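A short worksheet on the structure shown next.
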Amino acid sequence: MYKIATTQLWVTDQDEALAFYTRKLGMEVRSDVTLPEMGGFRWLTVGPVGQPDIAIVLMAIPGPPVMDEATADDVRALVAKGFAGTVFLTTEDCQAEYEALSARGVEFVEKPQQQPYGIDCGFRDPSGNHLRLTQITMPGV
Amino acid sequence: MDSRYAERLTVADVARAAGLGRAQFSREFKRAFGESPHVYLLTRRLERAAAMLRFTDRSVAEICMSVGLESIGSFTTSFTRTYGVSPTVYRAKFPPASTFAHVPGCVVRFYGRPRHQTFREDGGGART
């Protein structure tokens, strides 16, 4: 038997991403370890306060030898476009959360909109990743 | 308080957010939660510090700052009073944070030492 533990997002700068996810989005650091013997690989995870059983790993786009330069460029381009994967967040009050996060400098690409399942908006992180923030109003969804 | 403890939050700030005077807020909080807001806030910060000591490689000073405390001296005193040992000693009681780094296989392959190697890939002997 297994569980989902961590979901992953590519980031172009881990320090910048960390500041965004903790100070602007209010998540907490779960782990932050740099391994010099692994080419300086840094395992950096964050997660929402009150949801300890899942985290997001903010993974630096590697270069050679782990990832060849051409592939790394492809990944960077996809991340900048917001197509390199996303995380869906839910909230009890989309409008309030949208206002609070906007006030903290989060860049929203879509303001709260009514959807069949609830109220949904979208924002970007500094690397370009596109995240959704949704208030579910349809029961059982 | 649960999510914004890392900011320079004081009980006065929280009381103001609740629309109450500080003394009244403290009384009501204690009645509702069984401990004063100051203790609650400090405990939350120390819990976060303990987690960061175990799961990050940040210095004690960095951890102190990142949980919203300014004085390393009083952080160390409070931590020791709550956990029985100093932050440094507490950290040493657990496996190093690097143990919990889920280094992906593709990274390990290039940098890690292979274990239980039973064939000679580069002409070298088996390594443990």
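So in the protein assembly as shown, what percent of DSSP beta bridges are antiparallel if you round to the nearest 5? Walk me through the numbers on the way to the answer.
Values: 21 of 31 bridges.
Roughly 70 percent of the DSSP beta bridges within the protein assembly as shown come out antiparallel.
Which whole-Hz couplings ³J(HN,Hα) result when phi for each residue of region B:39-45 is put into the Karplus expression 6.51 cos²θ - 1.76 cosθ + 1.60, θ = phi - 60°, listed in order with x for Gly and Pro?
Each residue's phi maps through the Karplus curve to give 5, 4, 4, 5, 4, 4, 5 Hz.
Separation between the residue B:24 and residue A:16 pseudo-spin-labels, each 7 Å from Cα along Cα→Cβ, expressed in nm?
4.7 nm
Search the structure for amide H atoms under 5 Å from the amide H of residue A:27, placed 1.01 Å from N in the peptide plane, and list their residues when 5 or more places away or on another chain.
Residues meeting the amide H criterion: A:22.
Out of A:46, A:57, A:87, any idea which swings most in a Gaussian network model of chain A, alpha carbons joined below 10 Å?
Top of the fluctuation ranking is A:87.
Can you check what the net charge comes to around residue A:124, using other residues whose Cβ is under 13 Å from the Cβ of residue A:124 (Lys, Arg +1; Asp, Glu -1)? The partial results should precede the final answer.
Values: positive: A:24, A:81, A:132; negative: A:16, A:107, A:110, A:125.
Neighbour charge sum, excluding residue A:124 itself: -1.
Could you work out the mean count of beta carbons from other protein chains within 10 Å of each residue's beta carbon in B:94-107?
On the way: counts 0, 0, 1, 6, 8, 1, 5, 12, 8, 6, 8, 0, 4, 10.
What the average comes to for B:94-107 is 5.
Answer with one residue from B:49, A:45, A:121: the one whose Cα lies farthest towards the positive end of the charge dipole of the protein assembly as shown, charges on Cβ with Lys, Arg +1 and Asp, Glu -1.
The residue sitting farthest along the positive end of the dipole is B:49.
Which whole number gives the average, over all residues in A:41-54, of C-beta atoms from other chains lying within 10 Å of the residue C-beta?
3
Please work out how much length the chain gains when fully extended from residue A:88 to residue A:67, using 0.36 nm per residue of separation minus the C-alpha to C-alpha distance, in nm with one decimal.
Details: separation 21, 0.36 × 21 = 7.56 nm, distance 2.71 nm.
Roughly 4.8 nm would be gained on extension.
Can you return the lysines within cross-link range of residue A:111? Criterion is Cα-Cα under 29 Å, with same-chain partners fewer than 8 residues away left out.
Those lysines meeting the cut-off are A:24, A:81.
What are the residues whose amide H is under 5 Å from the amide H of residue A:11, where those residues sit 5 or more places off or on another chain and H is modelled from the backbone?
The answer is A:59, A:60, A:61.
Laboratory data are not the source of any read-out in this text; all were calculated from the coordinates shown. Quantities reported herein were computed from a predicted structural model and do not represent experimental measurements. Cβ: placed from backbone, ideal geometry, glycine included. Neighbour counts: every protein chain shown.
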